[in-house]
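Data block below; observations after.
The values are calculated or read from the model by the stated rules, or taken from the named source; none is laboratory data. None of the values given here were measured: they were computed from a predicted structure. In this analysis, Cβ positions are derived from the backbone assuming ideal geometry, glycine residues included, and neighbour counts consider all displayed protein chains. Keep in mind that these areas ignore ligands, DNA and RNA; they rest on the heavy atoms of the full protein, side chains included. Shrake-Rupley method; radii C 1.70, N 1.55, O 1.52, S 1.80 Å.
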Amino acid sequence: MRYVKVQDSELLAHYRNNLTQIIVQGDSPTANATREELQRGLSGLLGREVPLGDAVTLNGAVVVAAPDSLSDELTPVHGDGYVLLTKKVGGKEITIIGAKTSLGALYGAFGLLRLIQTNQPISKLNVMDNPMIQHRMLNHWDNTSGRGTYFGRSINLSKWYELPEKLDPLYTDYARANASIGINGTVINNFTVDLLRTEDLKKMAGLAKVYRPYGIRIYLSINFASPLKATEETRGGIGDLDTADPRDPRVATWWKNKADEIYSIIPDFGGFLVKADSEGMPGPKQYGRDHAEAANMLAAALEPHGGLLIWRAFVYDQDVDPDRAKRSYKDFKPLDGKFASNVIVQVKNGPLDFQPDEPFHPLFGSMPQTPLMMEFEIKQEYHGRVTDLVYLGEQWAEVLKSDTFENGKGSTIAKVVDGSLHGHAITGIAGVANIGDDRNWTNHPFAQANWYAFGRLAWNPHLEADEIAREWVRMTWGNEHTLVNTLQTMMKGSWQAAVDVRSPLGLNFVCARDHHNPDPAGRVNDYWYADKNGIGYNRTDHAESGWNETGNNENKIGYDRKDLAGNNWKETGTNYVGQYNEPLRTMFNDMKQCPKEYLLWFHFVPWDYKMKSGRNLWEELCYKYESGYEYAKTLQKEWKSLEGLVDAERFALVSRKLDEQEAHHKLWRDTCVTFFARTSGLEIPSFVEGLPSH
């Protein structure tokens, strides 16, 4: 959104001839935002002022047309979609932005600016673009202390004390940036931060006033125990009740009154996001109730106001199943069809916790009567945080393309999330935000690409990751051929490199408990940390290693999740594969058919197992670690080749980040390869450079 002047002289002339005047009727806040964005954007991109007007007087006018003047053209447009058209009106050729809503017109303005920023021709436009997912939102795990993501301070809460009297201009920029990629909702607080008090709601109304013209509705993370009297045990109750039991009429009344108050202060409030019975947060299980009962009670309070209740499926009750990966499914699958009509269940892309790579969550193929909302993590919690260049669009697009086979072949997760597979009216997608008040929003310039990619996939979950990356590169860095191709190449392999050094072949949670640097000694065979039943995330056994806690001395590594036989998981597998539909169940269950990227997720594999590459498992694991490290070294070489094509400030910043990333990947490779060599009793292959064989 820097709107840098177009560098190609022929294109610049083309744009100047076709973009001569801006006409936006009306003076609503959203119409004003559209007018301001078009003037700011076109004037910057064309390198000269583009005047505003009330009527078409020039060829090349850009007109935001009234819906009734485009009845035929708008027939296929739904919701806040838009069309971009080249038409002759009164003998003059003009560019029309058409939409059924004022917000759609704003999205259309950003769509037109995107075409210019990516150097696309605009003389014969015939574009239609509809959002495919209804609720496209960011989840900010932020605190009123100002703490936000892994750097900087919270956009929404760091100046909470100034609201509502003082509205920082950064709020407007945040709203503009989100609207430019179609995001229309924001959850502004962490679950441990209760903002339901009247004084906080009035502050929130100040934010809502700024965000409203850009179509962004505010949502709140709420504490299930809010109706309770405040004690240390209730973790932040603000009410006067002695219970939070969802069946107690007093609790339902408390939430109804609170919802009524919220909507009296913020009429377009979006709704509640709930994390319950997870990570120490209170929930309905302590009262013997299930998630549907609790969600429906809260949904009833929001329903008269059109509010949405979002209930997270990130639960892992140790009593449900020894295998943590199975617990969310077992808790929620029996509740399919029992949720109220304004409830959507928010499910992480994988069954554990935003690992660098893990199989898609089986709930996406097993709850046809319940709207499911995808939850991705934009901030790179397990992907190098703000140090590493990791383009997560590759991961998310792969997840969305995954076939659940729920209704036969072609039942992709994208179709589950956009509602087309089951015909759900409510659809949603959430991204755990990576935005802070840093000058460039995300600290690492390339982390912006993940924010951008999330927004584009939220608008259309069927887009290609490469296409999105190319858009972002052109809009952010420039359109010079070498620059675009080099940066896109750097981004394309970055996620796989992150997986190779952190979760190769399906290993997970190889990081430390209190930080996310490598610590295989602390987490492999880490039964205490996993749960009270003594089941770890990964196992590695060898008679001579000193690391064998299972007593099996099988000289293997991984986790056995294949079919349960004889009801003894330690000998036969946890039957996690049983949560998937066929043919996935059979494929994952068979070591020879299982995709190699998930081999150690589903199977406890001998170190000498022969892989399709011709290497044995130990050699393949080492090869992955080495590949991830080598890619990090390649990133720096590629970036240095662009010196002179990138401004000096950003070039130096990214260079420093890439130096840190190379050291980071080396730490992962060295720590993990050395540990597994010791536990397996095997020599380190010669292709792993710089490490002794023993």
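A few comments on the model shown:
- Hits in region 315-338 - residues which are without any contact (Cβ under 8 Å) to a residue 60 or more places away in the chain and either β-branched (Val, Ile, Thr) or crowded, with 22+ Cβ neighbours inside 10 Å (or both): Val315, Val320, Ser328, Phe332
- Selection of region 169-211 for residues being over 19 Å from Lys159 (Cβ atoms), surrounded by fewer than 20 Cβ atoms within 10 Å (Cβ to Cβ) and either at pLDDT below 95 or of a type in the set (D, E, K, R) (or both) yields only Thr192.
- Listed by position, the strands (runs of 3 or more DSSP E) enclosed by region 1-107 that each have at least 1 residues that are touching a residue at least 24 places away in the same chain (Cβ under 8 Å) and open to solvent by 60 Å² or more (accessible area, probe 1.4 Å) are 82-89, 92-98.
- Within region 420-432, the set of residues being of a type outside the set (Val, Ile, Thr) and open to solvent by 10 Å² or more (accessible area, probe 1.4 Å) comprises Ser420, Leu421, His422, Gly423, His424, Ala425.
- Selection status of Ser641, open to solvent by 50 Å² or more (accessible area, probe 1.4 Å), at pLDDT 95 or above and not aromatic (Phe, Trp, Tyr): yes
- When residues of region 473-512 are limited to those that are aliphatic (A, V, I, L, M) and modelled with pLDDT under 95, the one surrounded by the fewest Cβ atoms within 10 Å (Cβ to Cβ): Ala512
- Where a residue in region 635-653 is on the phi > 0 side of the Ramachandran plot and in a loop (DSSP other than H, G, I, E, B) and its partner, wherever it lies, is small (Gly, Ala, Ser) and modelled with pLDDT of 95 or more, with Cβ under 7 Å and at least six apart: none
- Complete set of residues in region 657-681 that are aliphatic (A, V, I, L, M) and in contact with a His (Cβ under 9 Å, 6 or more places away or on another chain): Ala677
- Those residues of region 584-613 which are open to solvent by less than 70 Å² (accessible area, probe 1.4 Å), touching a residue at least 40 places away in the same chain (Cβ under 8 Å) and not aliphatic (A, V, I, L, M), in sequence order: Phe588, Tyr598, Trp601, Phe602, His603, Phe604, Pro606, Trp607
- Test: residue in region 538-561 that is under 21 Å from Lys330 (Cα atoms) and either at pLDDT below 70 or open to solvent by 70 Å² or more (accessible area, probe 1.4 Å) (or both): no
- Boolean, Leu621 is farther than 30 Å from Val484 by Cα, assigned to a helix (DSSP H, G or I) and within 29 Å of the chain's Cα centre (by Cα): yes
- The number of residues in region 108-129 that are assigned to a loop (DSSP other than H, G, I, E, B) and open to solvent by 20 Å² or more (accessible area, probe 1.4 Å) comes to 5.
- The lone exception for Glu683 - which of (1) surrounded by fewer than 18 Cβ atoms within 10 Å (Cβ to Cβ); (2) outside any loop (DSSP other than H, G, I, E, B); (3) of a type in the set (D, E, K, R) it fails: (2)
- Applying the criterion of being aliphatic (A, V, I, L, M), part of a loop (DSSP other than H, G, I, E, B) and crowded, with 23+ Cβ neighbours inside 10 Å to the residues of region 339-390, the residue that is farthest from the chain's Cα centre (by Cα) is Met367.
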